[in-house]
Each structure stands twice: as structure tokens, then as C-alpha cells.
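Engineer: Here you go, one structure.
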Ligand SMILES: Cc1cc2nc3c(=O)[nH]c(=O)nc-3n(C[C@H](O)[C@H](O)[C@H](O)COP(=O)(O)O)c2cc1C
């Protein structure tokens with residue numbers, strides 16, 4: 001099994017810390033679909049095909065979004081260690097599993113904003129529980145929009161009643177398609193409850209409350225098969241902030257950029273005391289995604305939908321140890 005070595009001029013201890021930060025990124029069903037190859041002059045970020053979810057994520061779009069989130073964490077961690085990361089996305093046509101290569105781009109002094117985002121990496125988590133009714137202030141919304149722009153992506157803020165109603169309908173439609181698809185349900189069951197692995201999947205403690213048909217938004221059920229009733233007073237907030245992370249192009253590199261934007265939005269939200277969860281069903285069902293894209297005007301490519309608000313603390317989900325994420329460096333150089 002490969003071990004952590006020096007890379008980019010950093011000692012193994014710092015390389016390990018940077019990879020650990022990368023591994024704390026969110027990923028669809030907590031699949032952690034990333035692997036790393038370490039070479040003295042670069043860190044390569046690979047897709048882990050064994051972690052793909054062919055029914056839920058047939059185009060591996062969410063695999064790339066998740067890996068893009070890990071890439072942003074890696075960039076921020078390197079920045080805090082004084083290194084300016086020089087990143088190439090999808091560097092080789094012949095090797096589509098190599099999603100990014102990070103090289104030494106010079107030395108840099110970490111600023112306060114970077115340090116705050118790095119601190120948010122371990123504090124951030126997906127919060128599926130109901131939020132309190134306090135609305136998200138406009139200045140927080142602006143900060144989230146700027147966070148997506150900083151990663152060359154777009155944050156669409158759902159703001160009218162009509163648009164909210166339309167999106168609720170699309171989420172419900174896609175949710176229904178997925179409930180009727182045994183392969184999608186099998187992937188969910190394999191990632192939840194006692195069938196999830198010790199180091200991956202969504203444990204029951206992170207599932208939030210059990211979604212119910214009366215809920216306005218159709219949330220994915222991470223407690224399938226558990227027959228408990230929701231307690232009184234545990235309903236979802238009436239008016240969460242709903243945003244859609246969008247890219248300007250529709251190709252694998254755009255998915256990686258959108259993943260970095262998604263993560264910068266989530267980390268920025270964490271620094272502002274906001275909680276977030278996902279409503280991914282419309283992205284995962286291609287005809288519904290096409291309709292969502294038309295709803296947005298046809299130019300933007302919707303990549304992920306987030307629900308934001310003020311929530312109570314929730315526990316972290318497990319991660320694979322850094323050593324399990326390393327791939328042997330083959331002789332062929334990228
Ligand atoms: C691209 C993507 C899509 C996701 N979709 C959903 C979703 O539809 N519903 C949900 O509850 N969580 C969703 N998640 C959240 C993951 O389940 C979560 O990131 C993972 O379990 C790790 O937990 P953490 O975010 O608390 O670290 C998604 C995450 C990513 C990156």
C-alpha cells in the first residue's frame with residue numbers, strides 16, 4: 001500500500017494534513033469517490049470508479065462535483081500551508097479518471113479569509129434536520145453569490161413564489177421517478193443505516209428527521225424502512241433559502257469547477273453560521289434536469305440545489321483514512 005510522501009516541497013506530515021482536509025468534502029451518499037497519487041512535484045486527484053453510483057448518478061456528474069469539492073479543500077489547505085496551488089483540470093483526454101493535477105505555483109501568505117474557510121472545512125456538515133424560521137439576511141445571500149463567482153460559476157437564488165412552486169414540483173417529480181427505480185433505491189439502501197460501511201455512507205444519526213408526504217420539499221429519505229412517526233413541532237422551516245449552483249458549460253471540467261463553487265458556497269455559509277442540505281433529485285433525472293435548465297433560461301447548467309438556513313448542530317459523518325485514498329504512482333507521467 002502506498003504511503004504519504006513529500007510533495008510540492010511539503011513534508012509528509014503537511015501533505016497528509018492537506019489530503020485529510022480534501023477528504024472532509026461532501027460527496028453524494030458519502031461515497032468519497034476520490035483517490036490521490038502523490039509525486040514529488042504534484043498531487044493528482046483521481047476518480048474512484050469503485051465508488052460510482054451508476055443508477056443515481058449515471059453520468060458521474062455528482063462524482064465530479066464531489067471531487068471538485070475535495071479539490072477546493074485541497075487548494076485551501078495548501079494555501080494555508082503557504083503554497084499557491086497551480087491546478088489543471090482534466091489534464092489528459094486518454095486518462096479521464098485523472099480529474100485534476102495540482103502543482104507548486106509559488107509561495108503565498110495565507111490571508112484571514114482563507115484561514116476562515118480552512119477552519120470551516122471541518123466544521124461544515126450536511127444538516128438534514130429542520131432549520132429555525134429566521135430568514136437568511138440579504139448580506140449573507142450576497143456573500144454566497146460572490147463565493148460561487150470566485151470559482152467561475154453562478155449561484156442562482158430562487159426568489160419568487162412562482163419559481164419556488166415550479167422547483168418544488170420538479171423536485172417532487174424527480175423524487176417520484178427515483179422512488180420507482182429499484183436500482184436507485186438499492187444504491188440508497190446500500191449507503192444508509194446498518195448497510196452503510198463503517199467509513200462511508202450516511203449513518204442514521206446524520207439522517208435528520210424522516211421526510212413525510214406533507215413536507216413542502218421532497219427530501220431524500222436516509223432512514224428507509226424505519227417506521228417511526230415524526231414528533232410534533234419537528235416540521236421543516238416554512239421558507240428556506242434555496243439556491244442552485246450553475247456552470248456556464250456542460251462538460252466534465254465544468255462539473256469540477258461547479259464542485260469547487262459548491263464547496264466555496266458551503267464553506268462560506270459555514271463561516272456565516274448557516275447550515276445547508278441538498279435537493280439533488282432534479283439534477284439526477286436527466287429529463288427533469290433539462291426542464292430545470294429551460295426554467296433557468298437555457299444558458300446556465302444547473303449542477304446542484306442547496307437549502308440553506310439556521311440550524312442546530314449535527315454530528316459529523318465518517319471518512320476513509322488518508323492511507324486508503326492513495327493510489328500507487330505508475331511510471332507514466334501526466
Ligand atoms: C453532489 C452531491 C449531492 C448530494 N445530494 C444529496 C441529496 O440529494 N440529499 C441529501 O440529503 N444529501 C445529499 N448530499 C450530501 C451527502 O450525503 C453528504 O455530503 C455526505 O453524506 C457527507 O456528509 P457531510 O456533508 O455531513 O460531510 C449530496 C452531496 C453532494 C456532494
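None of the figures in this text is laboratory data; all of them are computed from the coordinates on show. Here the structure is a predicted model, which is why all the values come from computation and not from measurement. No Cβ is skipped: glycine too gets one built from the backbone with ideal geometry, and neighbour counts run over all protein chains shown.
Engineer: Measure nothing but the geometry: give the 0 to 90° angle between the long axis through the Cα atoms of 161-179 and the longest principal axis through the Cα atoms of the chain, rounded to 10°.
Structural biologist: Orientation of helix 161-179: about 80 degrees from the principal axis.
Engineer: Quick one: 177, 28, fewest Cβ neighbours within 10 Å first, how do they rank?
Structural biologist: 177, 28
Engineer: For segment 268-317, just say rounded, prolate or oblate: build the C-alpha gyration tensor, square-root its eigenvalues into a ≥ b ≥ c, call rounded for a/c under 1.5, and beyond that prolate if a/b exceeds b/c, oblate if not. Please list the in-between numbers first.
Structural biologist: Details: a/c = 3.72, a/b = 2.20, b/c = 1.69.
It comes out prolate by the Cα gyration axes.
Engineer: Stretch residue 231-residue 146 to full length: gain in nm at 0.36 nm per residue minus the Cα-Cα span?
Structural biologist: Taking residue 231 through residue 146 to full extension adds about 26.8 nm, to one decimal.
Engineer: Against the longest alpha carbon principal axis of the chain, how many degrees, from 0 to 90 and to the nearest 10, is the axis of helix 252-271 turned?
Structural biologist: Orientation of helix 252-271: about 70 degrees from the principal axis.
Engineer: Roughly speaking, what is the stretch gain from residue 271 to residue 116, that is 0.36 nm per residue apart minus the C-alpha to C-alpha distance, in nm to one decimal?
Structural biologist: 55.1 nm
Engineer: Nearest 500 deg cm²/dmol is fine: what mean residue ellipticity at 222 nm does the chain get from its DSSP H runs of n ≥ 4 alone, each adding -39,500 (n - 2.57), divided by its residue count?
Structural biologist: Only helices count here, giving -11500 deg cm²/dmol.
Engineer: How do 90, 262 rank when sorted from fewest to most other Cβ atoms within 10 Å of their own Cβ?
Structural biologist: Ascending Cβ contact count within 10 Å gives the list 90, 262.
Engineer: Now a separate question. Compute the distance from the alpha-carbon center of segment 286-334 to that of segment 50-69, in whole Å.
Structural biologist: When both Cα centres are located, 8 Å separates them.
Engineer: With the calculation restricted to Cα positions, what are the radius of gyration and Dmax of segment 1-125 in angstrom?
Structural biologist: Cα radius of gyration and Dmax of segment 1-125 are 14.3, 44 Å respectively.
Engineer: How much length is gained if the chain between residue 123 and residue 108 is pulled fully straight, taking 0.36 nm per residue apart and subtracting their Cα-Cα distance, in nm to one decimal?
Structural biologist: Full extension from residue 123 to residue 108 adds 3.0 nm.
Engineer: Can I ask one more? Please report Rg over Rh for segment 1-58, where both radii come from the alpha carbon positions and Rh follows the Kirkwood definition.
Structural biologist: Ratio of gyration radius to Kirkwood radius: 1.05.
Engineer: Let me ask something else. Could you tell me how many degrees, from 0 to 90 and to the nearest 10, lie between the Cα long axis of helix 112-123 and the main elongation axis, the longest principal axis, of the Cα atoms of the chain?
Structural biologist: Between the helix axis and the principal axis of the chain, the angle is about 60 degrees.
Engineer: Place a label point 7 angstrom from the Cα of residue 41 along the Cα-to-Cβ direction, then list the residues of segment 67-105 whose backbone nitrogen is under 16 Å away.
Structural biologist: 86-88, 101-105
Engineer: Using a 10 Å cut-off around each Cβ, can you sort 330, 168, 115 from fewest to most neighbouring Cβ atoms?
Structural biologist: Details: 330 8, 168 17, 115 13.
Ranked by crowding around the Cβ, least crowded first: 330, 115, 168.
Engineer: Suppose the Debye formula is applied to equal point scatterers at every Cα of segment 90-140; what is log10 I(q)/I(0) at q = 0.14, 0.17, 0.25 Å⁻¹?
Structural biologist: -0.79, -0.91, -1.05
Engineer: Okay, moving on. With a point put 7 Å past each Cα toward its Cβ, work out how far residue 166 is from residue 180 in nm, to one decimal.
Structural biologist: 2.4 nm
Engineer: Please check which bits of segment 1-23 a label hung off residue 198 would reach, taking the label as a point 7 Å along Cα-to-C-beta and the cut-off as backbone N under 12 Å.
Structural biologist: No residues fall inside that zone.
Engineer: Kindly identify segment 204-334 as rounded, prolate or oblate by the Cα gyration tensor criterion: order the square roots of the eigenvalues as a ≥ b ≥ c, call it rounded if a/c is under 1.5, otherwise compare a/b with b/c, prolate if a/b is larger, else oblate.
Structural biologist: Details: a/c = 1.85, a/b = 1.27, b/c = 1.46.
Cα axes put segment 204-334 in the oblate bin.
Engineer: Classify segment 48-120 as rounded, prolate or oblate, taking a ≥ b ≥ c as the square roots of the eigenvalues of its Cα gyration tensor: rounded when a/c is under 1.5, otherwise prolate if a/b is larger than b/c and oblate if not.
Structural biologist: oblate
Engineer: A further question follows. Hey, could you pull the Cα Rg and Dmax for the chain, both in Å?
Structural biologist: 19.3, 60
Engineer: Give the distance, in whole Å, between the Cα centre of segment 106-137 and the Cα centre of segment 252-281.
Structural biologist: After rounding, the separation between the Cα centres reads 10 Å.
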